[in-house]
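The values are calculated or read from the model by the stated rules, or taken from the named source; none is laboratory data. All values derive from a computational prediction rather than experimental measurement. Ideal geometry is used to build each Cβ from the backbone, glycine not excepted, and the neighbour counts take in all protein chains shown. We work out accessible area using only protein heavy atoms, side chains counted, and drop any ligands, DNA or RNA first. Shrake-Rupley method; radii C 1.70, N 1.55, O 1.52, S 1.80 Å.
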Amino acid sequence: FGKGHSQPAISWVISKLPQNAVKVAVDAVATTDLPDLDKIQVERGSSPAWTVIPRGTRIYIAGQAEPGQSLAEMTRKTMTSLSDTLKFLGRGDADIVQLKAFLQPMSELAEVQRTLREVFGQRPVPPTVFVEWTGKRSIEIEVVAWGGRDQKGPAVEYLTPPLMKASPVYSRVARINHSPSIYISGLYAASPAGPEPGNAQMPEAGEREVKEIFATLASILKQSGSDLKHLVKATYYCSTDAASQKLNALRPSYYDPQRPPSASKAMVTGTGRMGLGLTLDMIAVPAP
């Protein structure tokens, strides 16, 4: 980005990509000088690379997943579930700005893409990010959507659609009603667990990583005028069971159970840092 220029918040994850010859994939959020819009602007074409979200309310739907006999069936049923969540919020599929899918295996991505084209029909499929997670054949999809013009009420609301169970560690939906956003880069513990490959798998290593990352997060939030009660969207990438288990165990001690961020948590091949089994990035809003 060049010396002297503003540096964006950046997060890294190691994932298999659809084409073997491709080594790096990037998705980005940027600002625009376009005049204020009254609806989402989408790049022309059947597979748009970008959308522009108008000023106003932003909706973050946590990853949802439905069972099925194939990735195509799972994808179709999950998109139906996400459409129901959008209806609960008074919105529809046309308000989707971006999809992010965690799937296994990446080798069957074409099946997922074909199903998404069928789901959206005449409308173009929104820009979609694909990350391969580890484990059995599955897919989980999260959504960023536009909620219309600014709404009255708190800067951010934490909502649970009907028939879904609320959780003290993540919200099914977080909606920014009227506030700027704070983007925080992927955070890591200060140093690897040690030179031996097995060290990162030790429970104490996972606990240290979680505690150091949340201490850093709290410090960054304070500097940016926010706090742990004004988190909106979290993404957790874990490459060790120790980090995953300790993240589950310790999150309740950091979050207000009435207002945890919308979130997705994925077990992945690597976090982008040797010897570290956890990274998280976050979106927040300023505290009043």
Being part of a loop (DSSP other than H, G, I, E, B), open to solvent by 20 Å² or more (accessible area, probe 1.4 Å) and of a type in the set (Gly, Ala, Ser) is the filter; apply it to the stretch 93-150 and report the residue that is farthest from residue 13 (Cα to Cα).
121
Filter the stretch 4-23 down to the residues that are at pLDDT 95 or above, hydrophobic (A, V, I, L, M, F, W, C) and either open to solvent by less than 80 Å² (accessible area, probe 1.4 Å) or not in a loop (DSSP other than H, G, I, E, B) (or both) and list them by number.
9, 10, 13, 14
Index of the failed condition, residue 220 passing every other in (1) aliphatic (A, V, I, L, M); (2) open to solvent by 40 Å² or more (accessible area, probe 1.4 Å); (3) in contact (Cβ under 8 Å) with a residue 40 or more places away in the chain:
(3)
Could you go through the stretch 35-46 and let me know if any residue there is over 17 Å from the mean Cα position of the chain (by Cα), assigned to a helix (DSSP H, G or I) and acidic (Asp, Glu).
no
Taking the stretch 216-241 and keeping only residues that are farther than 29 Å from residue 159 by Cβ and not polar (S, T, N, Q), one is left with 241
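Going through 161, 180 one at a time, which residue ends up being open to solvent by 70 Å² or more (accessible area, probe 1.4 Å) and in a loop (DSSP other than H, G, I, E, B)?
180
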Condition met for residue 234 (open to solvent by less than 40 Å² (accessible area, probe 1.4 Å) and at pLDDT below 95)
no
